[in-house]
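Here's the structure we're looking at; comments come further down.
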Amino acid sequence: MNGLMMQQPLLISALLRHAERHHGEREIVSRRVEGDIHRYTYRDLAARARRMARAMEALGVASGDRVATLAWNGYRHMELYYAVSGSGAVLHTLNPRLHPDQLAWIVGDAQDGVLCFDSTFLPLVEAVAARLPSVRHFVLMSDRAHMPAETGIPGLLCYEDLCDGHGDDYAWPEFDENRASSLCYTSGTTGNPKGVLYSHRSTVLHTMAGALPDVLDMSARETVLPVVPMFHVNAWGIPYMACMVGAKLVFPGPALDGKSLYELFEAEGVTLTAGVPTVWQALLAHVEANDLHFSTMRRTVIGGAACPPAMLDAFQEHHGVEVLHAWGMTELSPIGTACSLKPELAALGGKQRLAIQSKQGRVPFGVDMKIVDADGGELPWDGKTSGELLVRGHWVLAKYLRGPDPCIDGWFPTGDVSTIDAYGYMQITDRAKDVIKSGGEWIGSIDLENIAMAHPKVAMAACIGVPHPKWDERPLLVIVPKPGEEPGRDEMLAHFEGKVARWWIPDDVVLVDAIPLGATGKMQKNRLREQFRQHLMPNA
Ligand code: ADP
C-alpha cells in the first residue's frame, strides 16, 4: 500500500519562506564593496528576493535559463541565490579569480543569459563583455549613486533600479524538485572546468544534512560568517543552511585579509566560520602578530584542501577555537565528510586526538563511500591501506552538464586517494594526480607537507614528485619561509627523521617567495611540477 503522507517538492524557495516566517527578525550583516556595513533581516531578504524574481522575469528570464553572478559574499548575492533558483531559473556562480579566457569559455558553455556582478569586477566584465554573446543583460550589483558615469557595457543595468522597479507580490512557483537550481564549474585544478548542475532536491537534502550537529552544526544560536566564497560551491551550502535554521549571517564582502576578518568576527560576535586553509593562515598570522584573541568564535570549518595539524593545534590550543576538518568537492555540493568525533574518540587527548582531527572525517547520512584498488576491488577499512575513494549519494553528481557519465556502477570516482579507518574516518593521502610514485611505491604528499608545516620557520609547503633517473620520481619539498627566516636544506630534512619512513624523506628542498594558488586558493602543484621538472635530473 502506498504511504499516505503529503508530497511536497523539496524546493529552495521553501527555505526562504521558512526563514521569513519563523526567523524574520534575524539579521544579515554585509560588508559592502564600498567598505561600509549593511544590515537587514531575513524578512527584508525575502521581500527583495521576490522583487528580484519579478525583475528577472521582466528581463525575459524563463524557467531553466541561466543567470550568472560574479560577486563576493553579500546580501545582494544572497537575494539572487533565492530569486533566481526560487523562480525556476538556474543560478550560475562564476569564480572571478579565473582567467578571463576561461571565464568567457564557461559563460558560453553554460549559455548564461544574464550576468550580475559586483562593481569590483566592472573592469573584468568590460574586458570580456564582447566575448560573451549569450549574455543579453549585464546587471551591476549596486545602487544608482555608484553606477559608473561611463562604461564600455551598452545598456548596463542597475541592480537597485531593478529591485525598486518591481513589487514584492510574487508567489514562488511550485515545480518538480528534480529541476536544476544552480550551476557551478569545477575549479579546474585537475583539467578543464566541468559544469556541475545541482537540483532543488539535491540542494535541500544537502542543506538538511549539512546543518546537523555532526556536520557544520548550524542553528539559530549561531552567528555564521562564511569566508568560503559564494562562488565556491555555494559557500559550502551555508547560505541555504542559514535560512533553514535561522542563523545570523555575516558576509565579509571582498575584505578577506586577516585584519578585516578579525574585526568583523569581533564586531558581530561571530561564533562559526568556514574557509580554506590559506585564508586561515593569513588570519592566524595577523592574530598572532598583534597578540589578539577571539572572544566569541567557537568553531571553524576548514576544508577544500588538507588542514595541516599545526593549524589545527594553533586554533584549538592557542585560541580556544575548535576546528572541524571537512572534505568535499564541487561534484558533491560539496559536503562529503566532516571530522566530528564519535564519543569514544572525543575522550582521547593530545596527539592522538589531533591525529584523528587531521583526518577528513566521516560521511553524514546521505553519502556513502568506499576505497578501491586499481581493479575496482573494495579495500579494507584499516586506516592503512589506501586506494581511490568512490562516493555515492543524494547530492553526488551523476553526470556533468556536458560530457560523459563519470560514474562506475553507480559510484562517483573522486580522483582522491585515501584510507578509511575502523571508525569510518576517511583520510586523504593524495590526489591521484599529485601522488608521488617512487620506485613503484606511493608516497603521500599531504603527510610530508603537514610535517614541513609544523617546522617553526615554514609558512607554506608543497611536496611534489619530480622525475628522478633511478626512482622515476622522488619527492621535492618546496617551501615559503616565514618572514625573515631562511631554513637550510639539512635542517629541514632532519625535521622529517623519525616521522616517516626514510625513503619518504624528500630528496631536496627549495625555497620560493610564493607557491602559485588556483582560483579557489589551492596550491597549483602542476605548475610547481612543471617549474622543477629538471631539478633532480643529471645535467640539469
Ligand atoms: P578542484 O578539484 O578543481 O580543485 P574542488 O573545489 O571541487 O575543485 O576540489 C575538490 C578537491 O579538493 C577534492 O577532490 C580534494 O582533492 C580536495 N580537497 C577538498 N577538501 C579537502 C580536505 N579537507 N583535505 C584534502 N583535500 C581536500
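With N counted as the residues of the range 310-378, its alpha-carbon radius of gyration over 2.2 N^0.38 Å works out to 1.31. Apply the a/c threshold of 1.5 to the C-alpha gyration tensor of the range 435-531 and tell me whether it is rounded, prolate or oblate. Cα axes put the range 435-531 in the oblate bin.
Comparing Cα centroids, the range 371-445 and the range 204-221 end up 25 angstrom apart.
Going by C-beta contacts inside 10 Å, put 527, 31 in order with the fewest on the left. It would help to have the intermediate numbers written out before the result.
Working: 527 15, 31 25.
Least to most surrounded, the residues fall as 527, 31.
Could you tell me which of rounded, prolate or oblate describes the range 405-448, using a ≥ b ≥ c as the square roots of the eigenvalues of the alpha-carbon gyration tensor, with rounded for a/c under 1.5 and, failing that, prolate when a/b is larger than b/c and oblate otherwise? Verdict is oblate for the range 405-448.
How long are the semi-axes of the equivalent ellipsoid of the range 1-108, taking √(5λ) for every eigenvalue λ of the Cα gyration tensor, in whole Å from largest down? Before the final figure, lay out the partial values.
Numbers: eigenvalues 145, 96, 32 Å².
Over the Cα atoms of the range 1-108, the ellipsoid semi-axes are 27, 22, 13 Å.
Stretched out straight at 0.36 nm per residue, the stretch from residue 62 to residue 176 would grow longer than its current Cα-Cα span by 39.5 nm.
As a test of the definition: which semi-axes, in Å, follow for the chain when you take the square root of five times each eigenvalue of its alpha carbon gyration tensor? Largest first, please. Before the final figure, lay out each step's value.
Values: eigenvalues 301, 132, 119 Å².
Each semi-axis is √(5λ); the values are 39, 26, 24 Å.
Do you know the Lys pair count in the range 394-481 for C-alpha distances under 30 Å, with sequence separation 8 or more or different chains? Within the range 394-481, the lysine pair count is 5. Counted by neighbouring Cβ atoms within 10 Å, the residues 331, 530, 79 run from fewest to most as 530, 331, 79. Distance between the pseudo-spin-label points of residue 111 and residue 486 (7 Å out from Cα toward the beta carbon): 5.9 nm. Estimated from helices alone, the mean residue ellipticity of the chain at 222 nm is -7500 deg cm²/dmol (sum of -39500 (n - 2.57) over DSSP H runs with n ≥ 4, per residue).
FYI, it's all coordinate maths here, none of it is from the lab. Just so it is clear, the model here is predicted, and its values are computed rather than measured. Please note: Cβ atoms are built from the backbone with ideal geometry, for glycine as well, and neighbour counts cover all protein chains shown.
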